[in-house]
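Below: the structure, in structure tokens.
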Amino acid sequence: MIDITADLVRSLVRAQFPQWSDLPVRPVQRQGWDNRTFRLGDELSVRLPSAEGYAAGVEKEDHVLPLLARHLAVPVPVPVGTGRTAAGYPFPWSVRRWLPGDTVDAATDLDRVRLARDLGAFLVALRQTPTEGGPVGGRHSCFRGCHPSVYGDEVEHALARLGDSVDADACRVVWARALTSAWPSAPVWFHGDVAVGNLLTTDGRLSAVIDFGTCGIGDPACDLVMAWTYFTGEERQTFRQAVHLDDDIWHRARGWALWKALITLAELPGPQPEGFHERVLTAVLSDPVVR
């Protein structure tokens with residue numbers, strides 16, 4: 001990871017966007033894993049990839065976000081400028097309109113059942129957005145939008161490494177069920193990283209969705225993992241009903257959630273707090289969502 005500081009951002013903006021060089025630069029309080037974000041004045045933000053693997057997302061987002069914004073009622077980031085490599089920073093970067101709100105993990109007044117309903121409605125609208133110009137899921141999306149079997153080797157490696165610390169038999173049952181179906185229709189838009197840090201809320205409601213670096217068109221099963229990573233009980237069932245998708249896709253979604261929990265528990269790096277993925281794995285094994 002590159003050390004990305006406010007001084008670096010000021011230098012980049014001053015050299016490439018002099019019209020904004022007098023605006024103050026300050027880091028946002030809660031940073032993402034793939035990118036670092038800074039406020040630029042009151043109305044703009046600067047987003048910089050933290051490592052080479054995330055740099056391709058800049059060009060992709062510059063292309064797809066204007067397409068999506070025209071069709072979605074919930075705001076998404078709007079690019080207003082793209083920066084180039086300079087000042088020792090080796091990747092492209094972007095300037096976007098600032099979207100106000102607290103991330104879900106920081107919100108204190110959140111109606112979680114309403115969020116489940118609102119997020120489900122957003123994902124329905126995303127699936128209905130015209131796909132012309134959308135990139136088919138693949139390496140650029142970390143294979144989100146593809147069939148979960150693409151990560152079969154990682155699941156087996158993680159189970160072997162974890163040994164008796166997890167219920168390997170139960171995990172394999174969930175994984176096997178995830179592989180028995182495939183998306184039967186034309187590719188649709190998926191976000192690719194629907195997580196608490198990428199959902200903004202205002203006055204207790206979903207107000208924006210950010211970080212489309214792993215988006216594309218394909219199977220939207222990957223977008224349902226918040227059923228286990230965040231929602232519980234009534235919230236989980238509300239989310240399941242709101243997305244209007246069949247049982248098969250929920251089994252594949254459960255496989256996506258299982259994969260991520262297992263590889264992180266097997267000591268691959270990740271940004272989540274200690275104990276998070278243990279809780280996710282427990283939820284995945286105990287509640288299939290499908291009744």
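The values are calculated or read from the model by the stated rules, or taken from the named source; none is laboratory data. Quick caveat, the model's predicted, so the values are computed rather than measured. Virtual Cβ from ideal backbone geometry, glycine too; neighbours counted across all protein chains shown. Side chains included, ligands, DNA and RNA excluded: accessible areas come from the protein's heavy atoms. Shrake-Rupley method; radii C 1.70, N 1.55, O 1.52, S 1.80 Å.
Descriptive notes on the structure:
- Neighbours by Cβ (under 6 Å, 6+ apart or cross-chain): first from the stretch 177-192, among the aromatic types (Phe, Trp, Tyr); second surrounded by fewer than 17 Cβ atoms within 10 Å (Cβ to Cβ) and assigned to a strand (DSSP E or B): none
- Put simply, of Arg291, Arg240 the only residue that is basic (Lys, Arg), in contact with a helix residue (DSSP H, G or I) (Cβ under 7 Å, 6 or more places away or on another chain) and either over 21 Å from Tyr54 (Cβ atoms) or part of a loop (DSSP other than H, G, I, E, B) (or both) is Arg240.
- Here the stretch 129-152 is the region considered, the condition is being assigned to a helix (DSSP H, G or I), free of Cβ contacts under 8 Å to residues at least 60 places away in the same chain and not aliphatic (A, V, I, L, M), and the residue that is least open to solvent (accessible area, probe 1.4 Å) is Gly152.
- Enumeration of residues in the stretch 153-198 that are among the polar types (S, T, N, Q), more than 17 Å from Trp228 (Cα to Cα) and not in a loop (DSSP other than H, G, I, E, B): Ser165
- Screening Ala106 against (1) at pLDDT 95 or above; (2) among the aliphatic types (A, V, I, L, M); (3) open to solvent by less than 70 Å² (accessible area, probe 1.4 Å) leaves a single unmet condition, (1).
- Every residue from the stretch 29-83 that is touching a residue at least 24 places away in the same chain (Cβ under 8 Å) and of a type in the set (D, E, K, R): Arg30, Asp34, Arg36, Arg39, Asp42, Glu43, Arg47, Glu52, Glu59, Lys60, Glu61, Asp62
- Considering Arg84, Arg127, the condition of being touching a Pro at 6+ places or on another chain (Cβ under 9 Å), among the basic types (Lys, Arg) and within 25 Å of Trp228 (Cβ to Cβ) is satisfied by Arg127 alone.
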